[in-house]
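The values are calculated or read from the model by the stated rules, or taken from the named source; none is laboratory data. Fair warning: this is a prediction, and the values are worked out from it, not measured in the lab. Don't worry about glycine lacking a Cβ; one is built from the backbone with ideal geometry, like all the others, and counts go over all protein chains shown. Side chains are part of the model used for accessible areas, which takes the heavy atoms of the whole protein and leaves out ligands, DNA and RNA. Shrake-Rupley method; radii C 1.70, N 1.55, O 1.52, S 1.80 Å.
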Amino acid sequence: MIFETTTPDGFTVSDDQTRFDLPLAHRWISEQSYWGKKIPYLTFATAVRNSLTYAAYAPDGAMAAMARVVTDRATFGWLCDVFVDEAYRGKGLGKALMAYLKAHPDLQGFRRMHLATADAHGLYRQFGFTDLTGVDRWMEIRDPDLYTRGA
């Protein structure tokens, strides 16, 4: 079932995958983000397909922003790939994406929702995110240069 909301400025936020512009989203993440530089198209497409992915659309229908949640839709979610196209920045779309996340029926009742950000802590704190707790319990396998070295 498709879940949609509309902002006061006439932007629609929706998880309708028939509207989602995958090539544009890939360009945003692979060319303009600091976290997904050079991610291969098929890798990104698989990530989008296997996540709850949603986007904000301008009144003319153009995709203006996106976000993705890696989730089991029951207990846990990891918010990632939040991106607002440069032409649409300053219009409150980051907040609209976060409000949508908080309202989406498939993202309710979680014990944990995580994200990682280098520069948007203030935005996410407005929506209940806090510093990671219990960091002494978390572990990771990390390969931050995987896409840029061409592996």
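Points to keep in mind about this one:
- Some residue of segment 62-72 being under 13 Å from the mean Cα position of the chain (by Cα), closer than 20 Å to P144 by Cβ and basic (K, R): yes
- Answer residue from segment 109-142, given it is out of contact with any helix residue (DSSP H, G or I) (no Cβ under 9 Å at 6 or more places or on another chain) and under 20 Å from T53 (Cβ atoms) and is most open to solvent (accessible area, probe 1.4 Å) among those: R112
- Any hit, segment 3-14, residues being open to solvent by 80 Å² or more (accessible area, probe 1.4 Å) and touching a residue at least 12 places away in the same chain (Cβ under 8 Å): yes
- Complete set of residues in segment 38-58 that are open to solvent by 30 Å² or more (accessible area, probe 1.4 Å) and not in a loop (DSSP other than H, G, I, E, B): Y41, L42, T43, T46, R49
- Take the conditions (1) touching a residue at least 60 places away in the same chain (Cβ under 8 Å); (2) open to solvent by 40 Å² or more (accessible area, probe 1.4 Å); H104 misses just one of them, which is (2).
- Restricted to segment 59-90, and to residues there that are farther than 22 Å from T12 by Cα and part of a strand (DSSP E or B), the residue that is most open to solvent (accessible area, probe 1.4 Å) is W78.
- Some residue of segment 100-122 being closer than 22 Å to T5 by Cα, at pLDDT 95 or above, basic (K, R) and in contact with a Phe, Trp or Tyr (Cβ under 7 Å, 6 or more places away or on another chain): yes
- Close pairs (7 angstrom Cβ cut-off, 6 or more residues apart or separate chains): of a type in the set (A, V, I, L, M) in segment 115-130, assigned to a loop (DSSP other than H, G, I, E, B) anywhere: L115/F129; A118/Y34
- The numbered conditions (1) over 22 Å from A87 (Cβ atoms); (2) touching a helix residue (DSSP H, G or I) at 6+ places or on another chain (Cβ under 8 Å) are all true for I29 except (1).
- Segment 18-68, residues that are within 16 Å of A96 (Cα to Cα) and among the basic types (K, R): R68
- Sole exception among (1) within 14 Å of the chain's Cα centre (by Cα); (2) at pLDDT 95 or above; (3) among the hydrophobic types (A, V, I, L, M, F, W, C); (4) open to solvent by 10 Å² or more (accessible area, probe 1.4 Å) for W35, by number: (2)
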